[in-house]
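Everything on this sheet refers to the single structure shown next.
The values are calculated or read from the model by the stated rules, or taken from the named source; none is laboratory data. If you're wondering where the values come from, they're calculated on a predicted model, not measured in any experiment. Positions of Cβ are backbone-derived with ideal geometry, glycine not excepted, and every protein chain shown enters the neighbour counts.
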Amino acid sequence: MSIIEVRDVKTIFGEKVVHNGLNLSINSGEIYGLLGPSGCGKTTLLREMVMLQEFNSGSINILDTKIENIRQEDAQSLRRQWGVLFQAGALFSSLSIRDNISLPLIEYTDLSPVMIEEIVRFKVNLVGLKTSDADLFPSQISGGMKKKAGLARALAMDPKLLFLDEPTSGLDPISAREFDELILKLRSMLGLTIVMVSHDLQSIHDTLDRMAIIDEKKIAYEGSIKDVTSSNSAFVQTFFK
């Protein structure tokens, strides 16, 4: 069953056409990759899906809701059903890891401080951080820990959907593979649908069920990695050899 449908999406920045009629569908429970050459609009599409950026025409349907022309209160309700991990973590530097993770719970729920603290502790441990790490600030932790802390915050509201923008970028190879394993574990444990922008070939092989490759403003390929060589895209042929 499709949880996200993108239909004929067109995106234009000034004179530059970024997307010229994108079509793809993402199924419930899968890890789905948005791939393509630098500047092709992978992250732009992800930002459009999470309503951080508008597209010019076409339609995006998420969780049975069309997001174009959506009412503000409906948009807020929909956003609470997904979590987003931005490429650099996007943690608030003036807040501890605990306060970063608890922020959406304080803002959007009526849970007691004791219950919020329990949830924060659980999410911290879930992503592989130690309970004591919650007392640290973003400036005191490594790049890999920032990714995990950002992931814990993305999971704070028990989302159905998880959006990841280049989750292994900037990580050493060992940390990157550990993060891949964590993503697979979370999908299995929490029943998540995960949408991931990536150019990490190992991560693509290890984690993705299906993918869409954007090239020349269109979807050059959509499907599993085993059939990817069927695409005529020059980028696909070079990237996957």
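One table, with the values for the structure above:
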| read-out | value |
| --- | --- |
| Condition broken by residue 46, with the remaining ones in (1) surrounded by 15 or more Cβ atoms within 10 Å (Cβ to Cβ); (2) in contact with a Lys or Arg (Cβ under 9 Å, 6 or more places away or on another chain) satisfied | (2) |
| Filter result for the condition that a residue is among the aromatic types (Phe, Trp, Tyr), touching a helix residue (DSSP H, G or I) at 6+ places or on another chain (Cβ under 8 Å), part of a helix (DSSP H, G or I) and within 23 Å of residue 22 (Cβ to Cβ), over 179, 163, 239 | 239 |
| Filtered residue count, the stretch 51-83, keeping only those that are over 13 Å from residue 9 (Cα atoms) and of a type outside the set (Gly, Ala, Ser) | 18 |
| Hey, residue 133 among the charged types (D, E, K, R) and touching a residue at least 60 places away in the same chain (Cβ under 8 Å) or not | no |
| Residue match in the stretch 154-171 (condition: of a type outside the set (Ser, Thr, Tyr) and farther than 20 Å from residue 83 by Cα) | yes |
| Candidate set from the stretch 3-16 (those that are surrounded by 14 or more Cβ atoms within 10 Å (Cβ to Cβ) and out of contact with any helix residue (DSSP H, G or I) (no Cβ under 9 Å at 6 or more places or on another chain)); member that is farthest from residue 82 (Cα to Cα) | 10 |
| Residues (surrounded by fewer than 18 Cβ atoms within 10 Å (Cβ to Cβ) and either at pLDDT below 90 or of a type in the set (A, V, I, L, M, F, W, C) (or both)) located in the stretch 49-63 | 51, 52, 63 |
